[in-house]
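Every number here is computed from the coordinates shown, using simple stated rules; none is lab data. Predicted model, so just to flag it, every value in this text is computed and none were measured. As a convention, Cβ positions derive from the backbone with ideal geometry for all residues, glycine included, and neighbour counts pool all protein chains shown.
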């Protein structure tokens, strides 16, 4: 394995064993459940989105494989403090990262630790694990955006 691959594996294992933002928020504005019945990953996301469309706080509960848990942990690290629009843009970029070999996002330093998932495209069954919580968050953000534009 290359040094980069070792580092990426370490990041995923660390966030799987010691996920950030694990547990229920005391005060949240949005909640959604995400399940992948094919592999058994099951999470609940809790987001606190302010009136100014900033994600103030977020957390998750549930269980799943190392990739799904680490992806959820790193996703929340990345979106807390961001606007709904910024989180939506990151969602699109993350999907490219995990689905497209050699995507520009895999070389983009602004992806930070999320780049650990740049090789997931090699394992199509694992892509669903990596994007499960991202799609759940996207559903929340879409609903928030639609509500605020009506």
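Measure nothing fancy, just the Cα-based angle from helix 66-79's long axis to the longest principal axis of the chain, in degrees from 0 to 90, nearest 10. Taking the Cα atoms of the chain, the angle to 66-79 is about 50 degrees. Helix 3-17 versus the longest principal axis of the chain: what is the Cα-based angle in degrees, 0 to 90, to the nearest 10? With both axes taken from Cα atoms, the answer is about 40 degrees. Its relative contact order, with pairs defined as Cα atoms under 8 Å and 6+ residues apart, puts the range 1-110 at 24 percent.
Of 26, 35, 53, which is the most mobile in a GNM of the chain whose springs link Cα atoms less than 10 angstrom apart? For the chain, modelled as a Gaussian network with Cα springs under 10 Å, the answer is 26. Counting only alpha carbon atoms, the long axis of helix 84-99 and the longest principal axis of the chain meet at about 20°. Taking label positions 7 Å along the Cα-Cβ direction at both residue 143 and residue 44, the computed distance is 1.4 nm, reported to one decimal.
Between the beta carbons of residue 96 and residue 28, assuming R0 = 25 Å, the FRET efficiency works out to 0.30 to the nearest 0.05. Over all Cα atoms in the chain, the spread is summed up by Rg and Dmax: 14.7, 51 Å. Cβ-Cβ distance of residue 85 and residue 35, R₀ of 30 Å, FRET efficiency by 1/(1 + (r/R0)^6): the value works out to about 0.65.
Take the Kirkwood radius over Cα pairs of the range 76-150, plug it into Stokes-Einstein at 25 °C and 0.890 mPa s, and you get 190 µm²/s for translational diffusion.
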